[in-house]
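*Asks:* The structure is given below, and queries will be raised subsequently.
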Amino acid sequence: MMEIFDTHLHLSEELDNDELARRAAEAGVKYLLVCGGSATDSVRAQEFAERSIHTFFAAGVHPHEAEGFDGDCGVFRRLAESRRFCAVGEIGIDTYYGFSGVERQEQTLRIMLKLALEFSVPAILHCRSAEGTSDAYEICYRLLSDFAADGGTFVVHCFAGTAEWMRKFADLGAYFGVGGMLTFKRSDNIREVVMQMPEDRILLETDAPYLAPVPFRGKPNVPEYLPLVAYKLAELKALPAAAVAEQTTANAFRLFRRAVR
Ligand SMILES: [Zn+2]
């Protein structure tokens, strides 16, 4: 059976998360990284992660939550002491929805990237631009250039940018999260970019409960669906699924190395 790593999911509000983790493990999704989008959400992620040895968590302030963040990092410093803590995230810039003002988002992202350096853990980035622009990529790239120069490592989760942006981020050492969109009928652009990603930088992720892969598209996503993404990637690369599983899990452990302490 394959052993894959869901490097980006959120806890379900409706379903029993322990049950979801059990079903994921049965489907070969052995490792889970739960992302926090606010202080409260990050505490929930920690509580969940500490219940299983194969479950890890990230803590951070999502760009949608930037407006409500007062800059107090005390809770994040406490969470960073957990043995299951392995990244700062989900953080980033989102001008597509723009739920928080962009200056506020940038200010929050700077604080979060500083924390990642302080804790010596990678950052998990969400980067989505307003329709027809690349404004979020430009801001993230500017901040991540400084972050990488200071020794920071990161993954751009659910990467849906152009090949050119992919290469620019890859030059900063970026990893890329690949999920359910890879299976969508109209995602030829994403498939093309994924085929050009360096093989040692690809991570699998569900982003559950969002972006369920085909044939579950439109339904709530759950980590046990992740093998569908691995199979799709294997098909595109004409590789055995086991090879894709092995490579992407190794990539995840290389990036989140604190997770194997
Ligand atoms: Zn997410």
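*Asks:* Would you pull out the residues with amide H under 5 Å of PHE56's amide H, same chain only if 5 or more places away, H placed 1.01 Å from N?
*Replies:* Here LEU32, LEU33, VAL34 satisfy the definition.
*Asks:* If you average the sequence gap of Cα pairs under 8 Å that are 6 or more apart and divide by the length of the range 101-182, what percent do you get for the contact order?
*Replies:* Computed over the range 101-182, the figure is 29 percent.
*Asks:* Additional query: How high is the relative contact order of the chain, in percent, with contacts defined as C-alpha pairs under 8 Å that are six or more residues apart?
*Replies:* Relative CO of the chain lands at 21 percent.
*Asks:* Could I ask something else about it? In debye, nearest 20: dipole of the range 4-260 around its Cα centre with unit charges on the Cβ of K, R (+) and D, E (-)?
*Replies:* Computed about the Cα centre, the dipole is about 640 debye.
*Asks:* Let me ask something additional. Using Cα pairs under 8 angstrom and six or more residues apart, how large is the relative contact order of the range 149-237, in percent?
*Replies:* Normalised by residue count, the contact order of the range 149-237 is 27 percent.
*Asks:* Counting only pairs 8 or more places apart or on different chains, how many lysine pairs in the chain have C-alpha atoms closer than 20 Å?
*Replies:* Counting lysine pairs in the chain gives 5.
*Asks:* Still on this structure: Tell me whether the range 4-260 comes out rounded, prolate or oblate; compute the Cα gyration tensor, take square roots of the eigenvalues as a ≥ b ≥ c, and use a/c under 1.5 as the rounded threshold.
*Replies:* rounded
None of the figures in this text is laboratory data; all of them are computed from the coordinates on show. Computed from a prediction, not measured in an experiment: that's the story for all the values here. With ideal geometry, Cβ positions are generated from the backbone for all residues, glycine too; neighbour counts draw on all protein chains shown.
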